[in-house]
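Visitor: One structure, pasted below without further comment.
Read-outs throughout are calculated quantities, based only on the coordinates presented, and are distinct from any laboratory measurement. Nothing here was measured: the structure is a model prediction, and the numbers come from that model. Cβ coordinates were reconstructed from backbone atoms using ideal geometry, including for glycine residues, and neighbour counts include every protein chain displayed.
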Amino acid sequence: MKHVVPTSSLALTLFVLLTALGPAAQAQRPAAAGAKKVAPATPATSLAAQTKGMQKFDGYFPFYYDQKTGKVLLEIERFNEEFLYFGSMASSVGKGIERGQSNSAIAKFIRVGGKVLLVEPNYDYRAVTDNADEQRAVDNAFAKSVIWGFVPVAIEGNKALVDLTPFLVRDSQKIAEGLGSRGYQGPGASLMGGPGGGQPISYKVDESRSAVYLDNTRNFPKNSEFEALVTFTSTPGRGADNLIAPDPNAVTVQMHQAFIALPEKGFRTRKFDPRSGFQDFSYLDFAAPMSQPLAQRFTVRHRLAKKDPAAAVSEAVEPIVYYVDRGAPAAIKKALLEGGAWWNQAFEAAGYQNAFQIKELPVGADPLDIRYNVVNWINRSGTPRAYSYGASYVDPRTGEIIKGVVSLGADRHRQDYLIAEGLLQPYEDGKPVPEQMEQLALARVRQLSAHEIGHTLGLHHNFTASSKDRGSVMDYPFPRFTMQADGRLDVSQAYATGIGSWDKRAVQWGYADFPAGTDENQALDRIMQETLQQGFRFIPDIGGYAHPAANQWDEGTDPVAQLTSLMAVRRSVLDRFSEKAIRPEAPMATLEEVLVPIYLLHRYQVEAVAKSLGGQYFSHAVKNDGQAPTQMVEPAVQWQAFNALLATISPAALQLPEALIAKIPPRPSGYPATLETFGGYTGPTFDPLAAAEAAAAPTIAAILSPQRAARLIEYQARDSRQPGFQPVVEQLLASTWRAKPETGYAAPCKPW
């Protein structure tokens, strides 16, 4: 029987109940006229009789596989015992929905009447007390969730046997909605809607094309692993044509689910400090005394302790080990291992010996196994603008990181290689391609490995780190290069090597283990004071583009000076840009792909400089820690930043050499335009004015940001020396609309 998810809450309630009750529910429906009544099914009393001839998998939750029907029967004896329920994508759709995407929750099986329910308790609200009445009051005040319901096929003493197959062969990752959002049908309709009156595409699980995938269904002493091959179908002829599947009407992926024993007791929570750089774990404790906050906050981190806490340097009781995807290419895999290993430097600074380790995933090991912290190398279709992320799966009771999962876009190094092609113009007849091209790309892979692993260790971004000489791998790094006297660029120091000085301070705060008798909170406060005294500041992803020193993809301590320098480098490269930027036998039209990142080389530095205009220095100050909570930017610095921004939209900055424009023909067959090429208004021909528009737009948008405008108005009201919004607009108009008209190609390059 196919299950179609109803849309209304009432229908959803009925759907859940009927699914849980199964055949018994069907039997209790009023019979149609003349229909024969069916008695409710009675569970068998022998598990052996029900599982005869099936393959048994012993382990955490024993289960049986029926080769004839493809069913999985789960044997449950651990009632009311909490475990970790973990679900993830074992294979990718190819765009956005990908391998490693996952979720986790605490769950337990309970028996209610003739049913077995899989329940998720609510750990966001607690009463941390020995008083059972207080605990019960909180438990009854907030909803819990029944994830699934089963009618046992057999009950024998304290054991129940349930058919787990419908639970496994389902949309456990809720991707149907995501599949449907990737295309609309209808004349003139565009992706995600648009004109034309198109209707959304809907996908649903097709049970006839789905099954338990036994190859990745396994059992271990502390974890039971299940996988299913799940096919999503849409109305014939209405599949989203931008999906990667050979038939967009049938999208087949693998979904993994697991029941895992919770970590053993002994994990020590650590208080949360907003200055530390770590992520927080919190819940509401309704048993907290009136003198304490209701919200209890702790630090998210791995379990780590010294064998000898009294020693200045000690081995760990159990080191943190990460494993790199075996499917990564050899050179990439080596770089991932090298970059990840940098974290051992931070743990050494915190007093550990070899406490962080990174290895290649063993042969036969499943990267989805909760026991492995993994670095996945994800292949995607589409542009080389690959994105990556690091996620931690945390014990909802304590904040302990159970599993770290890094997902790295497999095209990231190609983006850096593309930038190197534009900067170095390396393809000269009869000459080998410089080795530094590949070295630059691999240096970025090392940094990327360290960065994303850092997230899975519990760390946020620190976007102020670039102002302290590349102080953290948790910053977004811009490649460092210097122009030589002959105009050539040196990219040998494009990316830093090794862990950053901020990272060492952060790990010391988050993972230091103290001798017996130490007041941990006082010891942590001393570490934090030392960190502040050394000039370190932590500013993560803060919206509003306000802090002048908290920037992504910037370089150096002075954003304005760096923008001026970068514009000079950009101009030099553009003036000599030629077919030396593309490989032999590449179509001349592909010059545009290499041109784009060079022409827009300054776009992130523009964002960094704009933060000084109407900006505010601030800190995550704690009472009496000596930090200034807020500080306005000096007016002179703001006007300097404004003038630097105006320089990026001058005709001189936006123009391309005529010789270069003449070398870029329309796209040939087999080389369609992509997100890596400019748009345009001239049909098939290259449009240099559209390129100028793409470069000028970020600057104009940054200056006229509504949030920036509001701050400029507010700050001038509080301090008359501040620039104010009206004077900024007047200066912008004077430099564009009211400026003396240019002639020739320069005229339309001015951002009117």
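Visitor: Among Trp502, Trp737, what is the fewest-to-most ranking by other Cβ atoms within 10 Å?
Guide: Values: Trp502 26, Trp737 10.
Going from least to most buried by this count: Trp737, Trp502.
Visitor: Another question about this same structure. Once you list every other residue whose beta carbon is under 14 Å from the beta carbon of Val138, what net charge do they have if Lys and Arg are +1 and Asp and Glu are -1? Intermediate results must be reported in sequence, preceding the final value.
Guide: Working: positive: Arg126, Arg136, Lys144; negative: Asp124, Asp130, Asp133, Glu134, Asp139, Asp285.
So the surrounding residues net to -3.
Visitor: Ok, one more. Is region 453-521 best put as rounded, prolate or oblate by its Cα gyration tensor, with a ≥ b ≥ c the root eigenvalues, rounded for a/c under 1.5, and otherwise prolate when a/b is larger than b/c, oblate when not? Spell out each step's value before the answer.
Guide: Details: a/c = 3.89, a/b = 3.21, b/c = 1.21.
In terms of gyration-tensor shape, prolate.
Visitor: Next up: Between Met483 and Lys68, how high is the FRET efficiency from 1/(1 + (r/R0)^6) when r is the Cβ-Cβ distance and R₀ = 56 Å? Nearest 0.05. Present the calculation step by step, with values, prior to reporting the outcome.
Guide: Numbers: r = 72 Å, r/R0 = 1.29.
The calculated FRET efficiency here is 0.20.
Visitor: Pull up all non-local amide H partners of Leu164: gap of 5 or more, or a different chain, and H-to-H distance under 5 Å with H placed in the peptide plane.
Guide: Correct list: Val72, Leu73, Leu74.
Visitor: For Leu448, Leu524, what's the fewest-to-most ordering of other Cβ within 10 Å of each Cβ? Numbers along the way, then the final one.
Guide: On the way: Leu448 26, Leu524 21.
So the residues, fewest neighbours to most, are Leu524, Leu448.
Visitor: Here's another thing I want to ask about it. What angle, in degrees between 0 and 90 and rounded to the nearest 10, separates the Cα long axis of helix 520-533 from the longest principal axis of the Cα atoms of the chain?
Guide: Roughly 10 degrees between the two axes.
Visitor: Let me ask another. Quick one: check the C-alpha center-to-center distance for region 114-172 versus region 524-561, whole angstrom.
Guide: 45
Visitor: Still on this structure, I have one more. Exceeding 31 Å between C-alpha atoms, which entries from my cross-link table qualify? They are Lys265/Lys334; Lys265/Lys333; Lys159/Lys265; Lys334/Lys504; Lys56/Lys359.
Guide: Details: Lys265/Lys334 36 Å; Lys265/Lys333 35 Å; Lys159/Lys265 27 Å; Lys334/Lys504 23 Å; Lys56/Lys359 33 Å.
Among Lys265/Lys334; Lys265/Lys333; Lys159/Lys265; Lys334/Lys504; Lys56/Lys359, the Cα-Cα distance tops 31 Å for Lys265/Lys334; Lys265/Lys333; Lys56/Lys359.
Visitor: Hey, another quick one. Provide the FRET efficiency to the nearest 0.05 for the Gln55-Val146 pair, computing r from the beta carbons and using R0 = 35 Å. Intermediate results must be reported in sequence, preceding the final value.
Guide: Values: r = 30 Å, r/R0 = 0.85.
In this case the efficiency is close to 0.75.
Visitor: Quick one: grab the alpha carbon gyration tensor of region 119-176, order the square roots of its eigenvalues as a ≥ b ≥ c, and give me rounded if a/c is under 1.5, else prolate or oblate depending on whether a/b is larger than b/c.
Guide: Working: a/c = 4.08, a/b = 1.55, b/c = 2.64.
Verdict is oblate for region 119-176.
Visitor: For the chain, how big is Rg over Rh, using alpha carbon atoms and the Kirkwood form of Rh? Numbers along the way, then the final one.
Guide: On the way: Rg = 30.0 Å, Rh = 29.9 Å.
Rg divided by Rh gives 1.00.
Visitor: Let me ask something additional. Would you work out if region 549-752 is rounded, prolate or oblate? Take a ≥ b ≥ c from the square roots of the eigenvalues of the alpha-carbon gyration tensor; rounded if a/c is under 1.5, else prolate when a/b is larger than b/c, oblate otherwise. Before the final figure, lay out the partial values.
Guide: Values: a/c = 2.72, a/b = 1.86, b/c = 1.46.
Cα axes put region 549-752 in the prolate bin.
Visitor: Expressed in nm to one decimal, what extension gain is obtained for the pair Leu600 and Trp737 from 0.36 nm per residue of sequence separation less their Cα-Cα distance? Don't skip to the end; give the middle numbers.
Guide: On the way: separation 137, 0.36 × 137 = 49.32 nm, distance 2.34 nm.
Extra length available between Leu600 and Trp737 comes to 47.0 nm.
Visitor: Starting at the first residue of region 645-655, write each ³J(HN,Hα) from the Karplus equation 6.51 cos²θ - 1.76 cosθ + 1.60 with θ = phi - 60°, in whole Hz, x for Gly and Pro.
Guide: Per residue, the Karplus-derived 3J(HN,Hα) values read 5, 4, 4, 6, 10, 6, x, 4, 7, 8, 6 Hz.
Visitor: Give the calculated FRET efficiency between Glu428 and Ile713 to the nearest 0.05, with a Förster radius of 51 Å applied to their Cβ-Cβ distance. Each step should come with its number before you reach the end.
Guide: On the way: r = 55 Å, r/R0 = 1.07.
In this case the efficiency is close to 0.40.
Visitor: May I ask you to derive the relative contact order of the chain, considering only C-alpha pairs under 8 Å and at least 6 residues apart, and to give it as an integer percent?
Guide: Working: 1448 pairs, mean separation 65.2, N = 752.
After rounding, I find 9 percent.
Visitor: For Gln616, list long-range residues whose amide hydrogen, built 1.01 Å from N in the peptide plane, is under 5 Å from its own amide hydrogen.
Guide: Residues meeting the amide H criterion: His547.
Visitor: Determine ³J(HN,Hα), in whole Hz, for all residues of region 457-462 in sequence, where each value follows from phi through the Karplus function 6.51 cos²θ - 1.76 cosθ + 1.60 and θ = phi - 60°; x replaces Gly and Pro.
Guide: Once rounded to whole Hz, the list reads 7, x, 9, 7, 4, 10.
Visitor: Just from its helices, what would the mean residue ellipticity at 222 nm be for the chain, if runs of 4 or more DSSP H residues each count -39500 (n - 2.57) and the sum is divided by every residue, rounded to the nearest 500 deg cm²/dmol?
Guide: Details: 22 runs with 220 residues, N = 752.
The per-residue figure over the chain is -8500 deg cm²/dmol.
Visitor: Next up: Grab the Cα-Cα distance for Ala311 and Gln292, subtract it from 0.36 nm times how many residues apart they are, and report the gain in nm with one decimal. Working shown, then result.
Guide: Values: separation 19, 0.36 × 19 = 6.84 nm, distance 3.46 nm.
In short, 3.4 nm is gained.
Visitor: Once phi is turned into θ = phi - 60°, what whole-Hz ³J(HN,Hα) does the Karplus curve with 6.51, -1.76 and 1.60 give for every residue of region 465-480, x standing for Gly and Pro?
Guide: Per residue, the Karplus-derived 3J(HN,Hα) values read 5, 5, 7, 10, 6, 6, x, 8, 6, 8, 8, 8, x, 9, x, 8 Hz.
Visitor: Moving to a separate point now. Taking the DSSP beta bridges in region 301-541 as the whole, what percent of them are antiparallel, to the nearest 5?
Guide: Numbers: 9 of 25 bridges.
If I count the DSSP bridges inside region 301-541, around 35 percent turn out antiparallel.
Visitor: Can you sort Ser578, Ser91 from fewest to most other Cβ atoms within 10 Å of each residue's own Cβ? Please list the in-between numbers first.
Guide: Working: Ser578 13, Ser91 17.
Neighbour counts put them in this order, fewest first: Ser578, Ser91.
Visitor: While we're here: Please work out the Cα center distance from region 266-313 to region 684-736, rounded to the nearest Å.
Guide: Region 266-313 and region 684-736 have Cα centres separated by 44 Å.
Visitor: Which cross-chain or sequence-distant (5 or more) residues have an amide H under 5 Å from the amide H of Arg303, H modelled 1.01 Å from N in plane?
Guide: Ile401
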